[in-house]
1. In the stretch B:221-262, which residues are among the hydroxyl-bearing types (Ser, Thr, Tyr), at the interface with chain A (Cβ under 10 Å from one of its Cβ atoms) and assigned to a loop (DSSP other than H, G, I, E, B)?
2. Surrounded by 13 or more Cβ atoms within 10 Å (Cβ to Cβ) and modelled with pLDDT under 85: does that describe A:Val371?
3. Quick one: which of B:Ala133, B:Ala93, B:Ala102, B:Ala61 is under 18 Å from B:Asp36 (Cα atoms) and surrounded by 15 or more Cβ atoms within 10 Å (Cβ to Cβ)?
4. Tell me, which residue of the stretch B:32-72 that is part of a strand (DSSP E or B) and in contact with an Asp or Glu (Cβ under 6 Å, 6 or more places away or on another chain) is farthest from B:Leu233 (Cα to Cα)?
5. Out of the stretch A:53-74, which residues are farther than 21 Å from A:Ser111 by Cβ and more than 8 Å from chain B (Cβ to nearest Cβ)?
6. If a residue counts only when it is within 17 Å of the chain's Cα centre (by Cα), which strands (runs of 3 or more DSSP E) contained entirely in the stretch A:60-137 have at least 3 such residues?
7. Can you say whether A:Val81 is modelled with pLDDT of 90 or more, of a type in the set (A, V, I, L, M) and out of contact with any strand residue (DSSP E or B) (no Cβ under 7 Å at 6 or more places or on another chain), as far as the supplied structure shows?
8. Report yes if some residue within the stretch B:363-371 is more than 20 Å from A:Leu386 (Cα to Cα), touching a Pro at 6+ places or on another chain (Cβ under 6 Å) and either of a type in the set (A, V, I, L, M) or in the same structural domain as B:Glu274 (by the TED database) (or both); otherwise report no.
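The values are calculated or read from the model by the stated rules, or taken from the named source; none is laboratory data. Computed from a prediction, not measured in an experiment: that's the story for all the values here. Cβ atoms come from the backbone with ideal geometry, glycine included; neighbour counts cover every protein chain shown.
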Amino acid sequence: MSYLIAGMAAHDDEPDCDLQDETGEDTPGLRKIIHVDMDAFFASVEQRDNPDLRGRPVAVGGSSGRGVVAAASYEAREFGVKSAMPSVTAKRLCPDLVFCKSRFDVYREVSGQIRDVFRYHTDLVEPLSLDEAFLDVTEDRHGIGSATNIAQVIRRQIRETTQLTASAGVSYNKFLAKLASDQNKPDGLCVIRPGEGASFVAGLPIRRFHGVGPRAEEKMNRLGIATGADLVAKDIAFLRANFGSFADYLYRAARGIDLRPVRSNRIRKSVGGERTFHDDISSGPLLRETLHNIVDIVWERIERAEAKGRTVTLKVKYNDFQISSHARTLSSVVADKAQFTAIGLGLLEEMLPLPRPIRLMGMTLSKLEGVPKKKVRHDDPQLSLL
Amino acid sequence: MKATIERATLLRCLSHVQSVVERRNTIPILSNVLIDAAETGSLKVMATDLDLQVVENMSAASVDTPGAITVSAHLLFDIARKLPDGSQVSLDAADGRMTVKAGRSRFSLPTLPRDDFPMIVEGDLPTKFELPAKTLAELIDRTRFAISTEETRYYLNGIFLHVSDEDRPLLKAAATDGHRLARFTLDRPDGADGMPDVIVPRKAVAELRKLLEESLDGHVQIDLSASKIRFTLGGEGGVVLTSKLIDGTFPDYSRVIPTGNDKLLRLDPRSFYEAVDRVATIATEKTRAVKMGLDKDKVTLSVTSPDNGTAAEELAAEYGADNLEIGFNANYLKDILSQIDSDNVELHLADAGAPTLIRKDDKASALYVLMPMRV
């Protein structure tokens, strides 16, 4: 396996920036990567905090006309309920489905707790969302012995601190670790050892490959590609001819190769939020009122992120799903909520009169300057009682 | 449904229930109140956030058509608020709208059917006892300021109620945020024996305290199980507040209450409060610590801020132990001192890194523990 990786890196000449900055100079051997993914995260948090929901099909998200399911419990998944499914569809599939309003404050808190668990083991943590992350544990900071053991310790620590279960995948790269974590869900662990990657991938339906959606799947089926093995049989020229820039990724993925390093320093580029309405909006006063509501939501996020930015963007989606956005960039950072609101209202005036009613409005602050890291609390002078 | 009601009655009732309704709701019906008009001429109003529900009965001037409907809580409240005093409000629900009429004003509001309105299933509530409203209000006042707002330790987001047998049967209430602790003790009311330990969530505490304010002379009936609690308040028609309890284990707080603190400081809580407040003027968010220097019968309060300079004040006190310097969060100290309703407060100290016990005297129902700050 290590031969293949070395070989790939040697003749890799494509301008993918992911590859540019991972020459692997400090990792002569194989890396040890863990992908940790919380099981039905939002729904599990709701079931944890509300015993009445345990054992019942639960969906987090809006139950109304345009609501979508943000997360579904395993009980709900048995009925075919999936995340991103319109709530109406979900309710039809599972009439007993219980909808919970999302409580992102709580999810963020739990997310912070699991990240603390990750950081106990390594500083190389790449969060993908609130509930999943890649960890590079090649270093084995606490001498636990193996990546598999570290993954088990992490799962146990998560269970102890949050009363929630997580699944983990262990392998020598991110692509395989992510596939592995999905293998034995929920509350499972799967290890793909060096030498097993290619055969593991060979048996997989191509839909399981990260980045292969329904459209790509359809195209591959037309080309006679159904599994990883079918993909391996195609040469790089064929893939490039059919999939363009996607080809190199597919070529490597089919061989269980992924050279992307775990990136621990993701930098936030913008803070924003948007809302879809129950009913389309077109009247000026209502638009302004809606904008104020969105400012309330977004400014709270900006404050929480301690973000300072110079560009304010107002985005609307018309009832024909066409999106339009107006932006304004200041010479200095937006000072406060009042200024943010005023700029938003100004951008809204530019858009009036609206050609059609809108179904969604959103605001974003970008061109962020020096987003400070969250303050470390370990030097808190306030002593603790408990 | 069609009923007529006095504006003042409607407003009072809505003001009780509407604060339960969250401003932003992903489930539309949770923005609504349920209005149920009975043939008997009484009108039931109900609001919920799925964890907490409040039901109030009021008497209508007339009920023409019994029935029930739900309508936006905040809209109806704002309308009732703006209607002229003394007006009669007619509520008439038909064909998915509710018409609200008073004098020459007329509103037509969208409604949602009552069958979709969620109710908390109370289940069996085996523990039943009664408390004077005044006592319950004091229990809340003395402890609620210490409730944690940090969601990670969700089991601290409420007031912990439990029974205990010491020299006599007791009911105890405690709240802590990990920096300070407040405990209130009372004689165990009849019926509370064998009560499960429960944690009443912060929002339920806040809503209950508001309701109590209007019926301080009465009694409150409390019914609870390990998962739900119900408070029934008297008054016209009566108000019933039902809340889910926090599903968690409150830490064994008794172990953080110091018993061997040998340095006793006695002083007047009001002048102490005012002095802390004065020197804290120059404190900032980062340096909110006030330093206390204890000498023979004297306390020196001081604050040093890198940005704002320094402040100091000397206070007369009763103190005979070894000299000590100790720091506290000024706001925490003020929170506790403002609860001491006497000319005297006792601080039992050990050292600058150990919990300090604060109380009016050894007979007081309320007891506070405060953890120092490093200064």
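1. Just the residues of the stretch B:221-262 that are among the hydroxyl-bearing types (Ser, Thr, Tyr), to begin with: B:225, B:227, B:232, B:242-243, B:249, B:253-254, B:259.
Okay, now just the ones that are also at the interface with chain A (Cβ under 10 Å from one of its Cβ atoms), so B:227, B:253.
Passing the criteria: only B:Ser227.
2. On the way: surrounded by 13 or more Cβ atoms within 10 Å (Cβ to Cβ): yes; modelled with pLDDT under 85: yes.
Taking the combined requirement at face value, the residue satisfies it.
3. Values: B:Ala133 fails: under 18 Å from B:Asp36 (Cα atoms); B:Ala102 fails: under 18 Å from B:Asp36 (Cα atoms); B:Ala61 fails: surrounded by 15 or more Cβ atoms within 10 Å (Cβ to Cβ).
Exactly one residue qualifies, and that residue is B:Ala93.
4. From the stretch B:32-72, those part of a strand (DSSP E or B) are B:32-37, B:42-48, B:52-59, B:62-65, B:67-72; that's our starting set.
Next, from what is left, pick out any that are in contact with an Asp or Glu (Cβ under 6 Å, 6 or more places away or on another chain): B:44-45, B:68.
On the way: B:Lys44: 15, B:Val45: 15, B:Ala68: 23 Å.
Only one residue fits best here, namely B:Ala68.
5. A:Arg54, A:Gly55, A:Arg56, A:Pro57, A:Gly65, A:Arg66
6. Values: elements: A:69-72, A:98-100, A:125-129, A:132-136.
Once the strands (runs of 3 or more DSSP E) in the stretch A:60-137 are filtered for at least 3 residues that are within 17 Å of the chain's Cα centre (by Cα), what remains is A:69-72, A:125-129, A:132-136.
7. Working: modelled with pLDDT of 90 or more: yes; of a type in the set (A, V, I, L, M): yes; out of contact with any strand residue (DSSP E or B) (no Cβ under 7 Å at 6 or more places or on another chain): no.
The answer is no for A:Val81.
8. Restricting attention to the stretch B:363-371, the residues satisfying the condition of being more than 20 Å from A:Leu386 (Cα to Cα) are B:363-365.
Restricting the remaining residues to those that are touching a Pro at 6+ places or on another chain (Cβ under 6 Å) gives none.
Taking every residue of the stretch B:363-371 in turn, none turns out to be more than 20 Å from A:Leu386 (Cα to Cα), touching a Pro at 6+ places or on another chain (Cβ under 6 Å) and either of a type in the set (A, V, I, L, M) or in the same structural domain as B:Glu274 (by the TED database) (or both).
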